[in-house]
Amino acid sequence: MITRHIKKYLIGCSVCCAISAATTSCSDFLDLKPLNDVVLENYWTKESDATSVLMGCYESLQSPDCLTRMALWGEVRSDNVQPGVNPSRELEQLLQENVMPSNTFCNWTSFYQAINRCNILIHYAPQLQQTDPNYTLAEMKANVAEATFIRSLCYFYLIRTFRDVPFTREPSIDDNQNYLLPADSFNVVLGNIIADLEAVKDDAQLYFRKPMPDRAQDEAERDNTARVTRPAIYALLADLYLWQGNWQKCVECCDYVINFKKQEYETLRLRLQNTVYLFNDYPLIREKIGSTSGEAYNAIFVEGNSFESLFELTYDRSLNSDNQNTFIDSYYIHSDNQNNAGFLNAFGDLYGTLPKQKTELFETADCRAYESIYQRGTTTYYIAKYAANDVVIDNSKSDWKPTYSFRSNKYAHWIVYRLTDVMLMKAEALVQMGESYFEDAFSLVNAVSKRAVNSLSPGVGEVLKYDDYKTSKDDMEQLVMDERRRELLFEGKRWYDLLRQARRSGNNRRLATTVVKSKITNVSGVQIRLADSNAHYLPYFRDELKVNPSLKQNPAYNTGGDADLSKN
């Protein structure tokens, strides 16, 4: 075996394109192990080369640097979190809206590394298909669709975080190529990734392994959610159209996903009848089975790769594996020790005096409050979602206090898209389409709510009542936003939801007023800062400005000196 490093510059930052080689004939993609830094000219001679590079795309996406930013960029600036135990100075700066271009959380290298790996696969796979008869056209197109999803997802995170970013579909394979590119606007990048996904959406596989209706436990869920399938691409497209304001296209993509899951439920009804139930005709995993609740949490977040999942980053249960989710262990609750909080805590008002009295967000009988937040003492609230290895809520007890166990290692998967997320995307788009769609939007929200609330109190009536919302678009929009917050708490969605709402309405004051509720210090400063829409986005990292003169710093951070290297 001959190896050497292949290093190129991509968008002004040096990234290593580690092209992975497969020397095994193992047919399970998820079990392939990469070799590093293979000579480029010896590559692209057989089908397994494409598989190896595609594996590298997934590997980049689930790297600790990439996952940490995916989670923090979408969560830490929101009203969901507060400082936990010993947060770094840079994390405190994010929490306090006092970010400087030297803050390493502004470093986007891991995303562009993933993008470049995808660009390489998309560039070479069609050429390989022409030379290797074993690499069929359908397989090549499916591989390109997977890489296009990963590339588009990376760009989507980048524009939501930095607004304007350099965009390229060209791989970094030639030292003569110029990669010191200026930033393209948010809308240009958004339009490009929508066009890219539309071109490949139906090339992706519907299933990697078709679930069997007569099999009690099927491994298909792992294969079909740990890799990009057609429903996952439609979920991402729905999200992109929601940000673009194309409500009809968003609804169409959501309908594809929802109908796919309904059909899958009908096929697997016999196998799923004890775990999945129809809420307003939408198939969702039950919270209550028998005398206790917590089953939906355990299926979705503990076991992972559940019926509701569309795409998630899947990590290894082995203690000695390099493929572990270190983000949860560092930022939420430390593995196997519920007394050790991570760098972030939950905003206490979310939990308040539950279950004695409902909070502004949660009813007393909402499973999601207890599954997401672990109360320590009287005033401390740890983030339990993903960290808890088991949550059991005894419905026979009047206080509904859950019992927890916590993970002994770092294998929590990270969910990118799941069914209820898509249902609430559709509800949001329907509200924007006008009053005649309000009732359909409400039905979607109510289905998600009933799964979580009625499981604790089977005799309780409808917690949400359509008559309370049907006459006001603002009330309907707030209903959807609140339900998204409850359902997707601590999943890296909340800041982006608030940002999308602010972009749509132009109301920066509402975003600022919402966010400052969870702030401990510098409340007035945060409000003033977030009144400027430029400050809704992070600054370009200082090192990027040093090497790429084509980048111009976000005006909100152009304060001279070290922050304004783009003028040097």
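The values are calculated or read from the model by the stated rules, or taken from the named source; none is laboratory data. None of these values were measured; they are calculated from a predicted model. With ideal geometry, Cβ positions are generated from the backbone for all residues, glycine too; neighbour counts draw on all protein chains shown. Areas reflect the complete protein model, heavy atoms only, side chains present, ligands, DNA and RNA absent. Shrake-Rupley method; radii C 1.70, N 1.55, O 1.52, S 1.80 Å.
Looking at (1) open to solvent by less than 30 Å² (accessible area, probe 1.4 Å); (2) in contact with a Gly (Cβ under 7 Å, 6 or more places away or on another chain); (3) outside any strand (DSSP E or B); (4) not basic (K, R), which is the one condition that is false for I300? Condition not satisfied by I300: (2).
Residues in region 361-419 that are among the β-branched types (V, I, T), open to solvent by 20 Å² or more (accessible area, probe 1.4 Å) and either out of contact with any Pro (no Cβ under 9 Å at 6 or more places or on another chain) or part of a loop (DSSP other than H, G, I, E, B) (or both): T364, T378, T379, T380, T403. Here L310 qualifies as buried (at least 22 other Cβ atoms within 10 Å of the Cβ) and in a strand (DSSP E or B). The selection criterion, being open to solvent by 50 Å² or more (accessible area, probe 1.4 Å), within 28 Å of W108 (Cβ to Cβ) and of a type in the set (V, I, T), holds for V188. What do you reckon, is V189 in a helix (DSSP H, G or I) and either small (G, A, S) or more than 23 Å from R227 (Cα to Cα) (or both)? Yes. Against the criterion of being in contact with a Ser or Thr (Cβ under 6 Å, 6 or more places away or on another chain) and open to solvent by less than 20 Å² (accessible area, probe 1.4 Å), S293 qualifies. Filtered by the rule that a residue be small (G, A, S), more than 27 Å from S533 (Cβ to Cβ) and surrounded by fewer than 19 Cβ atoms within 10 Å (Cβ to Cβ), region 191-216 gives A199, A216.
Got at least one residue in region 465-481 being crowded, with 23+ Cβ neighbours inside 10 Å, under 17 Å from Q501 (Cα atoms) and of a type outside the set (A, V, I, L, M)? No: region 465-481 contains no residue that is crowded, with 23+ Cβ neighbours inside 10 Å, under 17 Å from Q501 (Cα atoms) and of a type outside the set (A, V, I, L, M).
For region 500-511, state whether one or more residues are assigned to a helix (DSSP H, G or I), in contact with a Leu (Cβ under 9 Å, 6 or more places away or on another chain) and hydrophobic (A, V, I, L, M, F, W, C). Yes, region 500-511 contains a residue that is assigned to a helix (DSSP H, G or I), in contact with a Leu (Cβ under 9 Å, 6 or more places away or on another chain) and hydrophobic (A, V, I, L, M, F, W, C).
Considering the conditions (1) surrounded by fewer than 18 Cβ atoms within 10 Å (Cβ to Cβ); (2) farther than 30 Å from F208 by Cα; (3) hydrophobic (A, V, I, L, M, F, W, C); (4) in contact with a helix residue (DSSP H, G or I) (Cβ under 8 Å, 6 or more places away or on another chain), V85 is excluded by exactly one of them, (4). Restricting attention to region 243-272, the residues that are hydrophobic (A, V, I, L, M, F, W, C) and farther than 16 Å from R230 by Cβ total 7. The set of residues in region 217-250 being modelled with pLDDT under 95 and open to solvent by 50 Å² or more (accessible area, probe 1.4 Å) consists of Q217, E219, R222. When region 468-486 is filtered for residues that are touching a residue at least 40 places away in the same chain (Cβ under 8 Å) and basic (K, R), the ones remaining, listed by number, are K473, R484, R485, R486.
In region 508-526, of all residues being open to solvent by 60 Å² or more (accessible area, probe 1.4 Å) and over 19 Å from D349 (Cα atoms), the one that is modelled with the lowest pLDDT corresponds to S524.
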